[in-house]
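The values are calculated or read from the model by the stated rules, or taken from the named source; none is laboratory data. Note that the coordinates shown come from a computational prediction; the quantities given were computed from them, not determined experimentally. With ideal geometry, Cβ positions are generated from the backbone for all residues, glycine too; neighbour counts draw on all protein chains shown. When the accessible area is computed, the model is the full protein with side chains, heavy atoms only, and any ligands, DNA or RNA have been set aside. Shrake-Rupley method; radii C 1.70, N 1.55, O 1.52, S 1.80 Å.
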Amino acid sequence: AQGRCEAVCCEQCTGQGNQAHHGRRRSQGGADDPSNLLWVCPNCHSEIHARPAWARERGLLAWQFDPAPAIQYVVPATRLYDQDAEA
């Protein structure tokens with residue numbers, strides 16, 4: 001990630017990744033493997049866990065029984081919050 005936030009999913013994103021986010025939570029069998037990790041800023045990390053259904057729809061969080069790999073997310077050219085503003 002070269003020190004960048006890989007989620008860029010909230011208005012408060014600092015752009016600097018300094019926390020490892022598990023796509024599939026460790027409590028649900030998620031591994032500490034690079035294929036299950038995203039490097040994120042603290043603000044995006046909080047947003048992902050505060051809005052699990054929203055995060056799951058975007059490939060940022062997997063639920064325990066999801067058959068697909070946990071992380072399928074590619075950082076878009078524009079920030080997610082610009083495209084998905086909530087009313």
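Within region 1-31, work out how many residues are under 14 Å from A62 (Cα atoms) and out of contact with any Leu (no Cβ under 7 Å at 6 or more places or on another chain).
Here the count works out to 8.
Of everything in region 36-57, what is open to solvent by 50 Å² or more (accessible area, probe 1.4 Å) and either among the hydroxyl-bearing types (S, T, Y) or under 10 Å from C9 (Cα atoms) (or both)? Give them in sequence order.
Hits for region 36-57 are N43, S46.
I'd like to check which helices (runs of 4 or more DSSP H) are fully inside the chain and have at least 2 residues that are modelled with pLDDT of 90 or more and polar (S, T, N, Q).
42-50
Scan region 12-24 and report the pairs whose first residue is among the aliphatic types (A, V, I, L, M) and whose second residue is part of a loop (DSSP other than H, G, I, E, B) and surrounded by fewer than 15 Cβ atoms within 10 Å (Cβ to Cβ), with Cβ atoms within less than 6 Å and a gap of 6+ or a chain change.
Partner pairs satisfying both residue conditions: none exist.
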